[in-house]
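Bear in mind that the values in this text are calculations on the coordinates, not laboratory data. Keep in mind the model is a prediction, meaning the values are calculated, not measured. Cβ: placed from backbone, ideal geometry, glycine included. Neighbour counts: every protein chain shown.
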Amino acid sequence: MKASIGGYARARSIEHALSLFAEADGAGRYLAGGQSLVAALNLGASAGDMLVDISGIEALRGVRIEGDRLVIGALTRHSEIERNDLVARHVPLLAKAAPLIAHDAIRNRGTIGGSLSHADPAAEYPACAVALDAIFNLEGPNGRRDVAASEFFKGLFETDRAEDEILTAVSVPVAQAGERHAILELTRRSGDYALAGLAIVVRGDRHRIGAFGLGDRPLLCEGAMAALDRGDVDAAATAIADDVDPMSDIQASADYRRHLAGVVLRRLAAELGVAR
Amino acid sequence: MTDTFRNRIDLEMTVNGEPIELTVPAARHLIDLLRTDLGLTGSHAGCEHGVCGACTVIVDGETVRGCLTLAAQLQGAEIWTVEGLTESGAIADLQKAFVERNALQCGFCTPGMLASAKVLIERDAVPSREGIREHMSGNYCRCTGYEAIVDAIETTLRGRAGGDAR
Ligand SMILES: Cc1cc2nc3c(=O)[nH]c(=O)nc-3n(C[C@H](O)[C@H](O)[C@H](O)COP(=O)(O)OP(=O)(O)OC[C@H]3O[C@@H](n4cnc5c(N)ncnc54)[C@H](O)[C@@H]3O)c2cc1C
Ligand code: FES
Ligand code: FES
């Protein structure tokens, strides 16, 4: 099946993109790497979209340190996250997550802003953002605003982003000395969306866990986090079953996914050397 | 320029080393531009949603999915397909290894396999078989069972590593 679109325009700047979106009069849609959007168009999921191509906007590029945060431009591709020195040093979780996303050819074009805006509940970055306590920078016709990752994801492919807002960057606290990050997922085939996965950030003796593939959105697993803070892995593996809220689909049942959450948690706890 | 919404897009790009100029519908995918507009039918369209890898080609030195890339986004890009890679001899050793090891049967997946493998054999490091499999995991083959494909890529990697031992 072939995509049907209403029109295409290349935006020069954020301002230009916002004005094109307004011009599209309700049919506008931002296009970044196209790795989710073009697939959806090919499947006939939407037709007549007026595509506003933001992929050439310089202001949405680049990775930089700002104070004690790493700011990652929305257009940063998965393959760049994989290789970027600043990301590897300051937010190793994202460097570990990127290679788990799809395959080379898709990582070469897909962007972090696209993944976060798309908000697939089985995607890696949204759960990492929740575990990292990231802040999303948005810009729309009414100006700029910041949203915490924990407030951004609202449901299945649903976010706090208004349709005409552009996610410009993600801002993540840089890892402190001794901070550790780990991510693990279970998939049927390498590169598939995860059946179940967890991203863990250990800051001091506090644990933050983001779950993916285990609900209608990325979930912060507070029960398991509290148990790991006490060093009680068994209690964490029990608690996580209540923290998550998986769905059944053709890939796996909800029960099976819930079981996998415990398996992933135990493996990560072992990797991180959590007591017991 | 494309300052406002257009239904047809003017493009200049380089395909297999030759500069081209053409105008395409805004929804034209790279794979269809190659196959339909340019008659380069070596690259194949399979699933058309990014899963099978049959449409994999090289854009600005990196693999991309022809079925998930709108031609409109490729103004100024340098594109290589199996036709150009064959003619230039850039992957002659890889192709020879594929033939010798019977790494293809129907051949539908092969142009995408070659494009993906090209990037791997041009890296400095020689990966493990596991690493080769991981790199090639986005390219499906319904015929060979993969073993021969991994063998052919491994043979090429070793040949190149031995060939220019510095
Ligand atoms: C076969 C296959 C397997 C995949 N496997 C995985 C996987 O395992 N894990 C994973 O996480 N992802 C996976 N993906 C999806 C991939 O990561 C996409 O690249 C990503 O979800 C979208 O990024 P993009 O830049 O391509 O966005 P696009 O496809 O261009 O856009 C996606 C959506 O986000 C909107 N958008 C994009 N950028 C912005 C922005 N800056 N501001 C506002 N809105 C924006 C668009 O309007 C659109 O609705 C897979 C894709 C394919 C085809
Ligand atoms: S046709 Fe593009 S990946 Fe299958
Ligand atoms: S040779 Fe037939 S699909 Fe690979």
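At a threshold of 8 angstrom on Cα-Cα distance, excluding pairs fewer than six apart, so keeping six or more, what relative contact order does chain B reach in percent?
That works out to 22 percent.
Would you mind calculating the relative contact order of region B:8-69 from Cα pairs under 8 angstrom and at least 6 residues apart, reporting the percent as a whole number? Don't jump to the answer; show the numbers that get you there.
Values: 81 pairs, mean separation 15.6, N = 62.
That works out to 25 percent.
Could you give the size of the charge dipole of the protein assembly as shown about its Cα centre, using +1 on the Cβ of each K and R and -1 on the Cβ of each D and E, expressed in debye and rounded to the nearest 20?
On the way: 45 positive and 61 negative charges, 170 e Å.
About 820 debye.
Once R0 is set to 25 Å, what does the formula 1/(1 + (r/R0)^6) return for the Cβ-Cβ distance between A:Arg144 and A:Asp25, expressed as a FRET efficiency to the nearest 0.05? Don't skip to the answer; put the middle values down first.
Working: r = 24 Å, r/R0 = 0.94.
E between A:Arg144 and A:Asp25, to the nearest 0.05, is 0.60.
What are the extents of the Cα atoms of region A:5-53 along their three principal axes, listed from largest to smallest and rounded to whole Å?
31, 21, 12 Å, listed from the longest principal axis down.
In whole angstrom, note down how far apart the Cα centers of region B:78-107 and region A:25-69 are.
First find each Cα centre; the distance between them is then 34 Å.
I need the peptides B:88-97, A:32-41 ranked by packing, meaning the mean over residues of other C-beta atoms within 10 angstrom, with the highest value on top. Please report the intermediate quantities before stating the final value.
Details: B:88-97: 17.0, A:32-41: 23.9.
Ranking the peptides B:88-97, A:32-41 by packing returns A:32-41, B:88-97.
Based only on Cα atoms, what mean projected area does the convex hull of region A:139-197 have, in nm²?
Values: hull surface 24.9 nm².
Answer in nm², one decimal: 6.2.
When chain A is treated as a GNM, springs tying every alpha-carbon pair under 10 Å, which of A:Ala127, A:Ala226, A:Ala194 comes out with the largest mean-square fluctuation?
A:Ala226
Which peptide among A:130-139, B:130-139 comes first, and what is the full order, when sorted by highest mean count of other Cβ atoms within 10 Å?
Details: A:130-139: 22.6, B:130-139: 18.5.
Put in order of decreasing packing, that is A:130-139, B:130-139.
What do you get for Rg/Rh over region B:91-160 if you use C-alpha atoms and the Kirkwood form of Rh?
With Rh from the inverse mean 1/r over Cα pairs, Rg/Rh is 0.91.
Nearest 500 deg cm²/dmol is fine: what mean residue ellipticity at 222 nm does the protein assembly as shown get from its DSSP H runs of n ≥ 4 alone, each adding -39,500 (n - 2.57), divided by its residue count? Let's see the in-between values first.
Working: 17 runs with 148 residues, N = 442.
The helix contribution divided over the protein assembly as shown gives -9500 deg cm²/dmol.
Calculate how large, on average over all directions, the projected area of the Cα convex hull of the protein assembly as shown is; give the answer in nm² to one decimal. Could you put the intermediate results ahead of the total?
Details: hull surface 88.0 nm².
Here the figure is 22.0 nm², rounded to one decimal.
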